[in-house]
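Before any comments, here is the structure.
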Amino acid sequence: MRLDNVVDMPGRGVVLIVSFVESDTDEITQLKRIVGSKIVVNSVNGTDFEFWVKDISVSFSISNSPLIGINIQERVNIEEIKKGSIVYFNRDLSDGNPIE
């Protein structure tokens with residue numbers, strides 16, 4: 001998934017906003033399964049960051065495109081993570097393999 005934005009939300013912490021390019025809405029609903037798991041963010045400058053997922057929120061844009069909010073446990077300088085970075089899950093939602 002491609003990172004669209006990083007937001008530091010009062011009372012919630014750091015939220016990574018990502019675009020979900022798959023069209024399978026069943027897979028989107030399975031994203032809650034990664035709560036408590038680690039994700040890796042490969043920044044556009046080549047730096048990798050590893051974070052624990054605290055919560056996931058799913059919403060849809062006016063064009064019905066899914067927007068995923070990944071609330072992470074760690075405090076991080078949001079300036080270090082740039083738009084366009086790639087977010088990797090440590091396991092596939094169906095077979096345990098890493099996915100992008």
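The values are calculated or read from the model by the stated rules, or taken from the named source; none is laboratory data. Just so it is clear, the structure is predicted and the values come from calculations on it, not from any experiment. Cβ atoms come from the backbone with ideal geometry, glycine included; neighbour counts cover every protein chain shown. Quick note on the areas: whole protein, heavy atoms, side chains included, nothing else; ligands and nucleic acids left out. Shrake-Rupley method; radii C 1.70, N 1.55, O 1.52, S 1.80 Å.
Identify all residues within segment 39-50 that are touching a residue at least 12 places away in the same chain (Cβ under 8 Å) and either within 10 Å of the chain's Cα centre (by Cα) or open to solvent by 40 Å² or more (accessible area, probe 1.4 Å) (or both); write none if there are none. Step through it out loud before you land on a result.
Initial filter on segment 39-50 (touching a residue at least 12 places away in the same chain (Cβ under 8 Å)): 39-45, 47, 49-50.
The answer is I39, V40, V41, N42, V44, N45, T47, E50.
Hey, could you check segment 69-86 for residues that are modelled with pLDDT under 90 and outside any helix (DSSP H, G or I) and say which is farthest from R12 (Cα to Cα)? Full working, then the answer.
Pass one, segment 69-86, residues modelled with pLDDT under 90: 74-82.
Narrowing further to those that are outside any helix (DSSP H, G or I): 74-77, 81-82.
Working: E74: 11, R75: 11, V76: 13, N77: 15, I81: 18, K82: 20 Å.
Checking each candidate, the answer is K82.
Between a residue in segment 18-38 that is more than 22 Å from N5 (Cβ to Cβ) and modelled with pLDDT of 70 or more and any residue that is outside any helix (DSSP H, G or I) and of a type outside the set (S, T, Y), which pairs come within a Cβ distance under 7 Å, given they are 6 or more apart or on different chains?
Hits for this filter: Q30/L93; R33/L93; G36/V53.
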